[in-house]
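Take a look at the structure set out below.
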Amino acid sequence: MEYQYHEINHMIKNLSYFFDVVRLVDPIHCHRIEVDQGITRKQKKCYEVWSKSDRCENCISYQAYQQQKRLTKFELLNDEIYFVISTPLQIRLADDSLYSCVLEMVVKNSNKILMGHLKNNDYFENIILYEKKLYEDALTQVYNRRFYAEKSFCYGYYNDRHEIIFIVTDLKGFKQINDQYGHIVGDTILYETAQLISRTIRKQDYVIRMGGDEFLIILDHSDEEGARRVIDEIKEKSCHELIYDHVEKKHVILNFGMAYDADFDGSDESIKKLYYEADQNMYHDKKINLK
């Protein structure tokens with residue numbers, strides 16, 4: 001959707017009659033913006049309106065920008081519920097260049113009877129839980145494939161390129177473990193493996209269950225040496241913490257493959273390249289472990 005720069009403020013003014021908040025945001029840099037003949041970024045971050053100190057984990061405007069379609073969500077503030085609509089658009093500026101951003105429209109629920117009913121039925125807590133569950137793998141309680149597909153780990157890379165490591169890992173002989181010991185043991189192993197990885201990596205890093213027994217570990221601001229230390233630590237811990245047969249003293253063995261980018265920009269191309277390289281390196285490691 002494209003608008004001329006001189007149309008934008010008029011449109012926002014008209015929409016303000018119907019919504020409590022109408023604003024333009026740059027979801028990549030988290031800025032609220034204003035349009036004249038050019039673009040002015042406001043100093044305050046867009047998430048500050050929700051009394052937050054960092055970007056919303058489920059940033060609907062970032063997702064709308066990435067997917068180039070209108071998206072909606074509920075947001076909570078001081079026991080009040082708001083409905084947020086985020087629509088990507090492009091603005092044709094005075095110099096004829098195109099600027100991409102997101103139009104946010106927010107309306108507060110004003111139905112007191114409904115609000116009273118919702119509060120009595122833990123509706124707020126359910127919304128918070130729902131938004132958390134969107135990106136959580138039900139079995140392992142780490143991030144799920146949707147988190148990866150929507151590139152939620154890329155927040156901030158567009159204006160702050162830096163080092164990143166992708167590590168792909170899976171469990172050696174997991175199918176045989178399932179067949180011999182049963183799916184309950186298999187599920188327990190997957191959960192404990194995911195939790196061990198989560199405890200090993202830093203707060204700024206991510207572990208994502210990609211499917212089956214395969215996980216993707218993303219190390220932010222890390223180099224290959226740091227990645228090797230993480231892999232070695234996981235291997236060492238798995239010998240003592242991931243034992244599935246105490247009689248025969250069998251423990252989980254993990255295959256690893258990693259890929260490094262010194263100037264990661266968050267683009268689809270760079271993500272696919274990193275994942276492919278890490279995946280191929282894991283299969284090389286898997287062949288070595290078969291010997």
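The values are calculated or read from the model by the stated rules, or taken from the named source; none is laboratory data. The model shown is predicted, which means the values in this text are computed figures rather than measured ones. Because the Cβ atoms are built from the backbone with ideal geometry, glycine has one as well, and the counts that use them run over all protein chains shown. Protein only, heavy atoms only, side chains kept; ligands, DNA and RNA dropped before computing areas. Shrake-Rupley method; radii C 1.70, N 1.55, O 1.52, S 1.80 Å.
Taking the average, over residues, of other Cβ atoms within 10 Å as the packing measure, peptides 31-37, 94-100 rank 31-37, 94-100 from highest down.
Dipole orientation for the chain: of the candidates L24, L98, L77, L77 has the Cα lying most toward the positive pole (charges on Cβ; Lys, Arg +1; Asp, Glu -1).
Under a Cβ-Cβ cut-off of 12 Å, what is the net charge of the residues other than P88 that fall near it, where Lys and Arg count +1 and Asp and Glu count -1? Computed value for this residue: -1. Accessible area per residue for segment 1-95, computed on protein heavy atoms with a 1.4 Å probe, is 58 Å².
With +1 assigned to the C-beta of every Lys and Arg and -1 to the C-beta of every Asp and Glu, and no other charges, what is the dipole magnitude of segment 136-291 about the Cα centre in debye, to the nearest 20? Each step should come with its number before you reach the end.
Working: 21 positive and 30 negative charges, 91 e Å.
About 440 debye.
The residue list I33, Q63, N14 was ranked by how far each Cα lies along the charge dipole of segment 1-75 toward its positive end, using unit charges on Cβ atoms, and Q63 comes out on top. On the basis of the beta-carbon distance and an R0 of 25 Å, K69 and K133 show a calculated FRET efficiency of 0.70.
Considering helices alone, the calculated mean residue ellipticity of the chain at 222 nm is -12000 deg cm²/dmol, with DSSP H runs of length four and up weighted by -39500 (n - 2.57) and normalised per residue.
Given K69/K203; K133/K286; K250/K286; K203/K272; K237/K272, which pairs have Cα atoms separated by over 26 Å?
Numbers: K69/K203 31 Å; K133/K286 32 Å; K250/K286 18 Å; K203/K272 24 Å; K237/K272 30 Å.
From K69/K203; K133/K286; K250/K286; K203/K272; K237/K272, over 26 Å: K69/K203; K133/K286; K237/K272.
A simple count of charges around K272, restricted to other residues whose Cβ falls under 13 Å of its Cβ and scoring Lys, Arg +1 and Asp, Glu -1, yields -4. Straightening the chain between L93 and K52 buys 11.6 nm, computed as 0.36 nm per residue apart minus the Cα-Cα spacing.
May I ask you to order 177-189, 51-63, 212-224 by the average number of other C-beta atoms within 10 Å around their residues, highest value first? Intermediate results must be reported in sequence, preceding the final value.
Details: 177-189: 14.5, 51-63: 16.8, 212-224: 19.2.
Ranked from most to least packed, the peptides come out as 212-224, 51-63, 177-189.
Rounded to the nearest 20, the size of the Cβ-charge dipole of the chain about its Cα centre is 540 debye, with Lys and Arg at +1 and Asp and Glu at -1. The list [x] 19.4; [y] 22.6; [z] 21.7 gives values of Kirkwood radius over Cα pairs in Å, and only one came from this structure; which label was calculated from it? Derived directly from the coordinates: [z]. What FRET efficiency comes out for the pair Q141/K45, r = Cβ-Cβ distance, R0 = 35 Å, nearest 0.05? That pair, Q141 with K45, gives E of 0.75. Summing charges over all other residues whose Cβ lies under 15 Å from the Cβ of H6, with Lys and Arg as +1 and Asp and Glu as -1, gives -4. For segment 200-291, the solvent-accessible area works out to 57 Å² per residue, with a probe of 1.4 Å and every protein chain left in place. Rounded is the label for segment 10-85, because the ratio a/c of its alpha-carbon gyration tensor axes (a ≥ b ≥ c) stays below 1.5. Computed about the Cα centre, the dipole magnitude for segment 204-291 is approximately 600 debye when only Lys and Arg (+1) and Asp and Glu (-1) carry charge, each at its Cβ. One decimal place: the segment Q4-K172 gains 54.8 nm when fully extended, by the rule 0.36 nm per residue minus the C-alpha distance.
Quote the FRET efficiency, to the nearest 0.05, computed for D265 versus C239 with a Förster distance R0 of 41 Å and r equal to the Cβ-Cβ distance. Write down the numbers at each step before the final one.
Values: r = 38 Å, r/R0 = 0.92.
Computed FRET efficiency for D265 and C239 comes out at 0.60.
The distance between label points at S100 and H246 comes to 5.5 nm (points 7 Å beyond Cα on the Cα→Cβ vector).
Placing a pseudo-label 7 Å from each Cα along the Cα-to-Cβ vector at F18 and V185 gives an inter-label distance of 6.1 nm.
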